[in-house]
Structures are given as C-alpha cells and as structure tokens.
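What follows is a single structure, written as structure tokens, with notes after it.
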Amino acid sequence: MNISYRWLRDMIPGLTATPQEVADQLAMLGAPVDEVIDIGGGLRDIVIGRVISAVQHPNADRLRLCSVDAGTGEPLQVVCGATNVTPGAYYPFAPVGASLPDGMKIRKAKIRGSESQGMLCSARELGLGREHEGILELHGEFEPGRSFIESTGLDDARLVVDITPNRPDLLSHIGVARELAAAMDLPLELPALPDGAPVQELRTAPAGQVTSSGGPTSSHGQPTSSHGQPTSPGGMTSNAGDITVRIEDADVCPQYMAVVIRDVRPGPSPEWLASRLRAVGLRPISNIVDATNYVLHELGHPMHAFDLDRLGNEVVVRRARAGERMVTLDGADRKLGGDMLVIADPSRPVAIAGVMGGADTEVQDDTRNILLEVAIFDSRSVRSTRRALGLSTDASYRFERGVDPAGIAVAAARAANLIRAVAGGSIEPAAAFAGMDIPPTATVDLRLDRVARVLGVRMDAETVTGYLQPLGFDVEPAGDGSVRVAVPGHRRFDVAREVDLIEEIARRHGYDAFPDELRPFRPSSVPTHPLFVLEDQLRALLVGRGMVEARTAAFAPAADGDVELMLPLAATESRLRRSLVPGLLRRVEYNFARGARSIRLFEIGTTFGADTGGGVPDETTSVAIACTGHRAPPHWSGEAEAFDEWDLKAIAADVARALGLHLEPATAAGDVGSAAPHIDPALSFRLAAHHDQAESHVSGRAGRVAERAVDAPAWADDVWVLEVALPRQGRDRAAVRYADLPQHPGSERDLALLVAAGQPASVVEGAIRNAAGPLLESVDPFDVYAGAGLPQNMRSIAFRLRFRAADRTLTDAEVDAAIRNVLVRLNENLGVQQRA
C-alpha cells in the first residue's frame with residue numbers, strides 16, 4: 001500500500017514527525033514500512049516554465065522553437081519535439097545545469113542550427129509516469145521560475161506500507177492516519193475540498209419515491225436501520241428520479257448505491273489532484289476518473305463512474321449469462337463465466353463487479369452525465385472472478401479483503417462533491433440505493449482481569465478506554481470489572497473476540513513498553529503431545545546426519561494427489577499431496593539446475609489421502625529424505641565417494657529404531673512400485689511395524705529414485721529417498737535407564753561364518769544374540785567375502801562378539817562355552833557353519 005506523507009499531514013493537523021519517524025511509528029503499530037521514497041528527490045532542479053510562443057523550427061519538420069518564461073527575466077529559447085506545447089500553458093522546465101532523475105545533466109546545445117537553453121520535460125523524464133509522447137502539461141495557475149515540486153505538491157515522500165490481509169482498514173489514507181493520530185494524540189480530519197467548494201449532502205429514495213418518510217437518517221440524509229446501516233425500504237429495487245437499480249443476487253451484492261451527476265466537463269485534473277495520485281504511484285487519467293481514484297485511496301472504498309447516456313437509466317446487478325462477453329477498460333475482450341457478478345443494463349453487461357468497468361460505458365471527452373457507483377460486493381465472489389480472469393485491480397484487492405459497508409454513503413458523497421469541484425456539474429440530491437441490512441458489528445465484554453492476565457500489566461477502565469476510543473471503538477462501563485466495547489464498521493473484519501481487543505490494547509500501549517523482567521509463572525500441566533516429541537527427535541537425528549530441513553508447499557499436480565482443491569492457486573497445483581517425496585525431488589532438481597551436486601534434504605509434513613468416510617481427507621504426518629552426491633565433503637586427502645544404498649540403509653535404520661520399526665527387503669517389484677512409483681524396485685526396501693514379514697504392516701519405503709522420476713543432469717549421482725508415516729499418536733518414549741561404566745575388561749571373539757547367499761545378515765545376527773547368553777555385550781559384522789574358495793551360492797560373513805561381566809573378569813572357559821553354544825544353534829536353526 002502506497003501512502004503519501006503530505007496526504008497524511010493534511011489528515012492529521014499538527015503532524016511534525018518526519019517520514020522516517022512516521023515509518024518507525026507504523027512499524028511499532030504492526031504495519032511495517034518496506035521503503036520510504038523521496039518523490040521529489042531527483043526533481044529539485046526542475047522549475048515551472050510558461051511557454052510564451054511556439055513556432056516551427058526552420059530546419060526540422062518535427063521540431064519547434066519555444067520561447068519559455070522560466071522566471072529569469074529574459075525568455076529562453078528551447079528546441080522541443082513534442083506536439084502538445086501550447087502558448088500560455090505551464091510545463092516543468094529543466095534549465096541549463098539541472099539534473100534529471102536518471103542522472104542526465106542539461107547543457108546548452110545547438111539542435112539543427114538553433115540554440116536550446118534547457119528542456120521542457122515529459123512525465124517519463126521526470127520519473128512520474130510512462131508517458132513520453134508529449135510534455136507534461138500543468139493545469140492551474142503557477143509562477144514561472146518557482147520550484148516544480150513545491151508548486152505541484154510533489155515535495156512529498158511515499159511510504160510503502162506492508163499491510164497484512166486481516167487489516168483492510170489500513171488500505172486507505174484515513175485508516176493509516178487513524179492509527180497515527182491515535183498513537184501521537186493528534187486530531188484526525190478529512191481535508192476540505194479545494195477552493196472552498198460547498199458540500200452537498202445526498203439522500204436515498206425508496207422505490208418509486210424521491211425522499212423517505214420517518215425513521216432515522218445518516219449524516220448524509222440516507223435512511224438507516226436501527227443499527228445505523230443503510231436500508232432499502234423498496235426491497236432489492238430502488239428508484240430515484242428516472243434511475244432504477246435492481247439487485248438480482250443479494251448474497252454477492254448486499255448493497256448498491258447510484259449517484260447521478262449531470263452536465264460534467266471531463267478534462268485534465270487540476271495539478272493538486274494529479275500530483276496527489278502520482279505520489280501514490282497512479283497515473284492521472286481525467287478529472288472524473290481521478291476523483292474516484294482519489295476517494296478510493298483516501299477512504300478505501302472502490303467506486304466507478306459510468307457514462308450515463310451510454311449506460312441508460314436502468315442498472316441491473318446479476319450473474320453473467322452463458323456466452324456473454326465484454327470488453328473491459330484495458331481493451332481486452334473477456335469471456336464471462338456464469339458464476340461471475342456483473343453490472344448490466346437491461347440487455348448487456350457493462351462492468352465486472354468489483355474488478356473492472358467496461359469500455360462501452362467509460363467516461364470520455366464528450367461525456368456530459370455520469371452515474372457514480374458505490375457498492376458492496378462479496379469478497380469470495382470477487383476473488384473467484386479475479387482469478388478466473390487473471391485480472392487484479394485496486395478495487396478487487398480491497399473487495400477481496402473487505403470493505404466497510406457503513407462507509408458507503410460517506411464515500412459516495414465525498415466522491416460526488418469532489419467530481420463537482422473538479423469537473424463541474426450538478427448532483428441530483430436523491431441517490432438510488434438498493435440492498436439489505438448489513439449485520440451489525442460485534443459488541444464484546446472486555447474483562448480487565450483478563451487483560452492483566454494476558455498482558456502481564458494491570459490497566460484500569462480509563463486507560464483501556466483511552467486506548468480504544470481513538471481507534472473508533474465505543475467503550476462503556478459494564479460493571480463487575482469489565483467494559484462493553486462496540487466494534488466500529490471499519491474493524492468488523494478482524495475484531496470479534498475479547499482477545500482481539502486485548503491485542504489492540506497491546507499495540508496502543510506499545511510492545512516496547514511492557515516490562516522485560518522474568519515474572520512468576522506456573523508451568524503448564526499439559527504434557528507435550530508424543531507426536532511433537534517424536535518429530536523433534538527425528539529432526540535432531542537427521543540434522544545430526546548433516547541434512548537440511550525443507551518446507552515445501554502441500555499443493556501438488558493432479559498426478560501426485562488424491563484430494564482436489566476447490567480454488568487452486570494454479571492449474572498445475574490442483575491437488576493436495578499424497579507424498580512428500582515428489583516435492584523434495586523438485587527441490588533436488590532446483591538445486592541441480594544451479595550446479596549443486598551434493599544435496600541432503602529432509603521434510604516433516606502432512607500428506608493427504610482420499611476421504612475414508614468421515615467427510616474430510618485423511619491426514620498423515622510423514623518424514624521423508626532425499627540425498628544425492630558425495631557421502632562426505634571433498635578433501636585433498638582422497639576422492640570423495642558417492643552416497644549409496646548403505647548410507648541410505650544406515651539412516652533408515654536410525655529412523656526405524658526411533659519409530660519402533662524394522663527394515664525389510666521389498667518382496668516384489670509391485671510391492672514398491674504401486675505405492676512409491678518414484679522408487680526403483682531393484683534397489684529398495686521397506687520399513688514395517690513387525691519383524692515377521694507375514695504380519696508386517698508397511699509404514700514406509702526407501703530406495704533409489706527411478707531415472708524417469710527425476711530430471712537429473714548427466715554429471716549427477718543417484719538420488720536416494722525414504723518416506724515413512726509417523727504413528728498418529730506419536731510413540732511413548734521408553735524410560736531411560738542408567739548404568740555404571742564397566743569396571744572390568746571385555747573379551748572379544750571373531751567368527752567367520754558360511755552363510756547362504758540369500759540369507760539376510762540381520763537374521764544371523766539375531767540368532768547370535770539369542771544364543772550367546774547374558775554375557776554378550778555387542779555383536780557387529782565387519783567383513784563380507786564371496787568368491788574363490790567358498791562353496792557355490794555361499795558367502796563368508798565375519799562377526800565380532802564382545803563379552804563382558806559387570807562384577808568380574810571373564811575366563812576363557814566362559815567365553816568359549818558361549819561361542820560353542822552360538823555355533824550349535826546357528827547350525828541347527830539356520831544351517832550356518834563356521835568357516836575353516
């Protein structure tokens with residue numbers, strides 16, 4: 001959101017803070033300023049120039065010789081190529097020696113034989129727009145030689161404010177000024193219309209009538225309901241004079257107001273208005289359009305001006321019909337969908353509600369009568385339409401976040417009077433208004449004890465009232481140590497609960513004003529959920545393995561998800577992911593594209609399955625890893641080896657141990673391929689909940705990524721992945737047992753065993769542990785041999801067994817007896833013999 005510093009000063013009399021101080025204050029109020037731009041910083045050398053005469057250049061058909069009064073006492077000759085230079089008009093003038101924003105310095109020069117003593121500037125050359133076909137003409141009375149930025153109001157600063165989606169009230173100057181005025185204890189007011197133009201109030205008429213009878217009225221004469229919202233006594237149709245407004249779908253357009261202004265004279269805006277729009281980054285168009293844009297940025301309420309003679313006297317707010325098309329103001333011919341809300345005359349659409357007007361009814365040079373539209377449109381409808389059309393505007397941006405319905409009459413009157421001030425004409429006093437009552441804003445009981453408990457600082461009712469009332473909240477005592485707070489219309493979208501009010505109090509009090517000492521507190525008696533504990537344990541484990549945690553979006557292409565999104569952000573991400581691995585592989589490809597070879601990523605996130613009968617998608621928390629490249633960082637001492645299946649298996653074993661699972665080989669190609677199509681079945685295994693394969697419940701799979709599943713360059717190593725689902729309730733942590741360090745030496749024995757080629761080493765290791773007895777401390781495989789000297793289809797696996805007793809030094813006889821028992825059991829149960 002672009003905010004003009006001068007505009008803020010006009011709204012806050014007495015504001016003396018510098019632009020940077022204003023930016024710092026806004027940051028403390030929860031609206032950080034991304035940038036402070038000095039708009040006139042590069043225009044200090046530019047002055048006002050009045051063209052005295054303009055004649056054809058004697059030696060060039062496309063150039064003109066202009067005599068310019070720049071306040072020096074003598075006219076200056078300037079060679080100009082623009083065709084819009086008019087004698088008697090005012091233009092920005094760069095004298096000899098002046099510098100332009102792009103760094104160009106103006107020098108005296110001869111052009112086609114004629115001397116040029118300066119330059120008349122276009123908007124583009126001044127950095128005030130993109131127009132460069134003609135010189136920037138200034139409209140109004142100016143003094144030649146005076147500073148251009150001071151004369152036009154461009155001695156200003158632009159504050160680029162970062163507004164969060166929950167604060168649509170800050171998408172206007174009045175919203176930002178309200179916050180600043182409250183924080184600085186200064187008054188807040190709307191700037192008066194220029195030249196002391198009188199303000200005409202509006203009134204709305206029920207159907208078939210010009211005025212209403214009885215009932216309360218707003219400050220602008222508009223009939224209101226008991227809670228102060230405009231009503232439509234004639235239902236969803238309203239007549240005012242010869243104008244009829246009909247709303248066919250009140251769910252998406254609850255209110256629509258039409259103001260007629262006759263005998264207007266479209267033309268360039270006065271310079272104060274044009275400069276104010278330039279200050280917030282807008283391009284001036286015409287006095288009527290600029291007036292609506294001015295009020296949009298001033299009050300935050302979008303509006304649109306139609307050429308009444310091209311529109312007709314009947315306005316219909318309805319859904320688009322099948323096959324309807326229209327050309328919008330940007331010149332695009334757009335096909336309308338049946339769920340889009342449009343503004344129409346009796347036969348055709350003339351505007352896309354809340355997004356953009358149509359070219360057929362836009363205000364043009366010959367427009368004499370206009371219809372000013374000020375309405376409320378449903379945010380979801382505007383968002384859906386904007387996405388479908390790929391069209392975003394200032395109006396749609398505000399309607400999507402919420403526009404205050406209580407401000408519709410104020411915005412209409414402000415815009416109508418401003419149009420009359422800058423374009424002439426007469427406002428018809430009766431405005432057509434159709435719509436229904438808007439639900440009232442919340443009234444919240446705020447307990448002072450609750451404020452003290454949440455913020456740690458006790459505040460009385462007077463202090464709370466002093467914080468809330470300047471922001472527009474009505475505060476009344478409610479007894480029993482509480483106050484009753486009525487939420488203003490401009491805060492209906494983000495304040496509805498007691499805690500929301502406490503947040504407002506904290507902002508006004510100042511986050512930096514709260515004490516920073518540690519105060520007494522009571523730890524929570526609620527234990528951390530076991531799943532969160534398990535996630536932290538896995539995170540520490542994988543980070544310790546040298547991995548980097550990734551956070552990928554849950555949105556996925558149709559091929560990677562089962563749950564379809566109703567309103568996807570992009571056509572290529574229309575589903576919720578069923579697996580974490582595809583997202584990690586896209587991150588691997590992203591790194592490959594930037595020359596990274598060694599990549600180690602992991603993610604802990606949610607995956608989504610199809611609805612299993614509960615009416616909502618099935619959600620599972622999973623952990624996944626993706627690794628490729630070198631096992632260790634390259635070093636001069638030797639060549640780095642590539643990450644391989646043994647590295648993956650080591651990580652998988654750690655993960656399985658943390659989850660209480662076991663590693664198992666994949667039983668068939670289809671066992672992996674159907675559930676994990678990105679994994680090559682030839683190099684894969686699975687993590688199961690039971691060691692007995694006949695009863696195992698597969699929780700995860702791991703292996704090498706198939707070539708077709710990842711777009712890898714020729715120099716890349718194999719990519720390895722693992723994904724496993726975490727138990728929904730986490731895993732109870734086993735009690736930690738402490739034991740004294742051993743006081744007696746251990747005894748080791750190495751066994752070289754002949755094992756069948758298809759026999760897993762883990763099965764042999766398990767048999768050794770079961771047979772060795774309680775003195776066995778550890779068993780580790782340390783060598784594998786297959787080749788000459790061994791029987792066919794056999795291999796040799798060497799295990800190192802360590803025995804130890806806690807209370808004595810073991811004898812050779814005790815250890816030898818345990819080894820004999822191990823060899824007997826291995827031969828009987830597995831057919832494994834000791835290698836000679």
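The values are calculated or read from the model by the stated rules, or taken from the named source; none is laboratory data. What you see is a predicted model, and the numbers here were worked out from it, not measured in a lab. No Cβ is skipped: glycine too gets one built from the backbone with ideal geometry, and neighbour counts run over all protein chains shown. Just the protein is used for accessible areas: all its heavy atoms, side chains included, with ligands, DNA and RNA removed. Shrake-Rupley method; radii C 1.70, N 1.55, O 1.52, S 1.80 Å.
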Legend entry - Principal axis dimensions, largest first and in whole angstrom, of segment 375-515 by Cα: 55, 38, 31
Inset, instruction - Any chance you could give the angle, 0 to 90 degrees and rounded to 10, that helix 498-509 forms with the longest Cα principal axis of the chain? - result: 70 degrees
Legend entry - On Cα atoms only, tilt of 581-592 relative to the major axis of the chain in degrees: 80 degrees
Inset, instruction - Using the Cα centre as the reference, give the magnitude of the dipole from point charges on the C-beta atoms of segment 530-608 (Lys, Arg: +1; Asp, Glu: -1; all else neutral), rounded to the nearest 20 debye. - result: 380 debye
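Keeping the other protein chains in place, figure out the carbon and sulfur percent of the accessible area of segment 680-815, with a 1.4 Å probe.
Details: 3970 of 8210 Å².
Looking at segment 680-815 in its full context, I get 48 percent from C and S.
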Legend entry - For the chain, accessible area per residue (1.4 Å probe, heavy atoms of protein chains only), Å²: 49 Å²
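Given Cα pairs under 8 Å that are at least 6 residues apart, what percent is the relative contact order of the chain? Write out the running numbers ahead of the final one.
Numbers: 1698 pairs, mean separation 68.5, N = 836.
Normalised by residue count, the contact order of the chain is 8 percent.
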Legend entry - Ratio of the Cα radius of gyration of segment 360-410 to 2.2 N^0.38 Å, where N counts its residues: 1.39
Inset, instruction - Over segment 305-375, with every protein chain in place, what whole percent of the accessible area is carbon and sulfur at 1.4 Å, could you tell me? - result: 43 percent
Inset, instruction - Filter the trypsin sites (Lys or Arg not before Pro) in segment 355-425 to those in DSSP coil with at most 15 other Cβ atoms within 10 Å of their Cβ, and list the result. - result: Arg368
Inset, instruction - On the protein heavy atoms, probe 1.4 angstrom, tell me the percent of accessible surface of segment 448-557 carried by carbon and sulfur. - result: 53 percent
Inset, instruction - Take the alpha carbon atoms of the chain, find their radius of gyration, then divide it by 2.2 N^0.38 Å using N residues; give the quotient. - result: 1.35
Legend entry - Radius of gyration, Dmax [segment 1-122; alpha carbons; angstrom]: 19.9, 62
Legend entry - segment 42-176 - percent relative contact order, Cα under 8 Å, separation 6 or more: 26 percent
Legend entry - Rough spin-label spacing in nm, given labels placed 7 Å along Cα→Cβ, for Asn166 and Ala650: 4.7 nm
